[in-house]
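Rule-based calculations on the coordinates, nothing more; no lab input. Everything numeric here is computed off the predicted structure, so don't read it as measured data. Cβ: placed from backbone, ideal geometry, glycine included. Neighbour counts: every protein chain shown.
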Amino acid sequence: MLQGKNILLGVSGGIAAYKMANVASMLTKLHADVHVVMTENATKFITAETFEVLTKNKVYTDTFDERPDDPVHVPHISLGTGADLILIAPATADIIGKIANGIADDMLSTVVLPARCPVLICPSMNVYMLENPIVQDNIEKLKRFGYEIVEPAEGYLACGYEGKGKLPEESYLVQRILHVVACEKNMAGKKVVVSAGPTEESIDPIRVITNHSSGKMGYALAEAAALRGASVTLVSGPTALKPPYGVTTVAVKSAEDMYQAVTAAAADADIIVMAAAVADYTPVTTADQKIKKQEGDMAVPLKRTKDILLSLGQNKKPGQFICGFSMETENLLANSSEKLKKKNADMICANSLTQEGAGYQVDTNILTLITADGQEQLPLMSKLEASHRIFDKILS
Ligand code: CTP
C-alpha cells in the first residue's frame with residue numbers, strides 16, 4: 001500500500017522511541033521507502049543501527065550528516081522536501097517547542113522546516129508535562145499552522161504516573177499514515193455503509209444463536225473505503241476486531257438492531273455493502289430468566305427476521321449502489337445470481353465455503369463478483385485486496 005512512498009520518521013528522545021522500530025518495520029513491509037532522523041537523546045533509547053537494519057537506509061542524527069543516496073542535494077533540505085509524509089514520534093515537549101517556534105538547531109528540527117508534505121506529530125511525555133500550558137500552547141500553535149496532532153493515549157506511563165501521554169500503538173500509527181498517503185482518494189465525497197460480522201439472537205439472558213462470521217471481510221471493506229477517502233459507517237455485529245481508523249462504527253447485536261442501524265445509515269448512502277452474516281431466524285420469544293434444563297429434548301420456536309438486503313433493494317434511492325454477499329455450500333453461482341435478482345441488488349459477491357482460503361475467519365477470500373452484466377472471478381487474495389477490487393468494480 002505504500003509502494004513508491006517516501007516516509008520520514010522523526011524520532012525524539014522519549015522512552016517510546018523503542019516502539020518506532022516496529023513502526024519502521026511495518027512501513028517497510030508495506031513497501032515504503034523509510035528514512036529516519038533521530039535526535040541525539042533518541043539514540044540513548046534505541047540505536048541508529050536498529051533503524052538502518054530495518055529500513056536499509058542511513059539514519060541521520062547530525063545536521064551535517066551526508067546523504068549517500070543523494071550526494072547532490074543538501075541532506076537537511078532534501079530529506080524534508082523528498083518526503084511524502086513525516087511522522088514525528090515520540091514527539092517530546094522539546095521537539096514540539098522547537099517546531100512550534102521555528103527553532104532549527106539539530107537535524108530533526110531542521111528537516112521539518114522546508115517540508116511541503118503532511119506532518120503528523122505524536123506528543124508523548126509525562127501527563128503533567130503534557131498538561132503544562134506552555135506545551136499545550138505549542139501544540140495548539142502547531143495545529144494552527146496545519147500540523148496534524150496524533151492524540152496521545154492514556155494509561156500507565158513509564159515515569160510511573162497514570163494518565164495521558166502514551167505513544168499510541170504502532171499499528172494505530174501505521175493506520176494514521178495510511179489514511180493520509182495510501183491509495184488514490186477516489187471515493188472522497190462518497191458515503192458508504194458496510195455491515196459486518198455475525199448477529200446474536202438471544203434465547204434467554206445467557207444463550208444466543210449466532211454464526212461463525214469473524215467480521216474480517218466487512219472490516220476490510222470499511223478500511224478500504226476509508227483509505228480511498230469515503231465517509232464510512234460500519235454497522236457491526238459482535239466481533240473481536242478493532243474498528244479501522246477513520247470509520248464511524250455502530251455496534252449492534254441482533255438482526256433487528258442491524259436492520260434499524262443499517263436502514264438509518266442507508267438513507268443518504270451512495271454505496272451499501274451487506275457483508276454481515278445476518279441471522280435468518282430469531283427465537284419467537286426471549287426468556288427473561290435463564291431456561292432451566294428439563295428431562296428429555298427441547299425445541300426453540302423460531303420466526304423469520306427481516307431481510308435487510310431485500311428491504312434496501314426494494315427501497316433503493318436513485319444513484320444508490322447496493323452490494324450483497326452470498327455464502328453457499330452448493331450451487332454457488334446459480335444461487336447467488338438468483339439473490340441478485342430477488343433482492344434487487346447491483347452486485348453479489350459470492351464466496352464458496354468449500355474452497356481453502358475462502359470464507360469465515362481467514363484473512364483471505366476467493367470471490368466471484370456477480371452483476372447484471374456478468375461474472376468476474378477473483379483469485380485468492382487478502383480480504384483487504386478483495387475489498388479494493390470490489391470498490392474498483394463498484395466505481396466502474
Ligand atoms: N442478509 C440480510 N438480511 C438477512 C439475511 C441476509 O441483509 N436477514 C444479507 C446478507 O448480509 C448477504 C445476503 O443477504 O449480503 C445474502 O445472505 P444469505 O444468507 O447468503 O442469503 P439468503 O438470502 O438468506 O438465502 P438463503 O438463506 O436462501 O441461502
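Points worth noting:
- Pairs beyond 32 Å (Cα-Cα), from K292/K383; K58/K191; K58/K143; K253/K316; K216/K316; K5/K242: K292/K383; K58/K191
- The chain, relative contact order [Cα under 8 Å, separation at least 6], %: 11 percent
- Put simply, when 125-132, 37-44, 189-196, 105-112 are sorted by average Cβ atoms within 10 angstrom per residue, most first, you get 189-196, 105-112, 37-44, 125-132.
- Long-range HN-HN contacts of F325 with modeled amide H, under 5 Å: M274, C349
- For segment 29-171, the C-alpha radius of gyration divided by 2.2 N^0.38 Å, with N the number of residues, is 1.06.
- The chain: antiparallel DSSP beta bridges as a percent of all, rounded to 5: 30 percent
- Listed residue (Q355, A372, P318) projecting farthest to the positive dipole end of segment 287-396, Cβ model: P318
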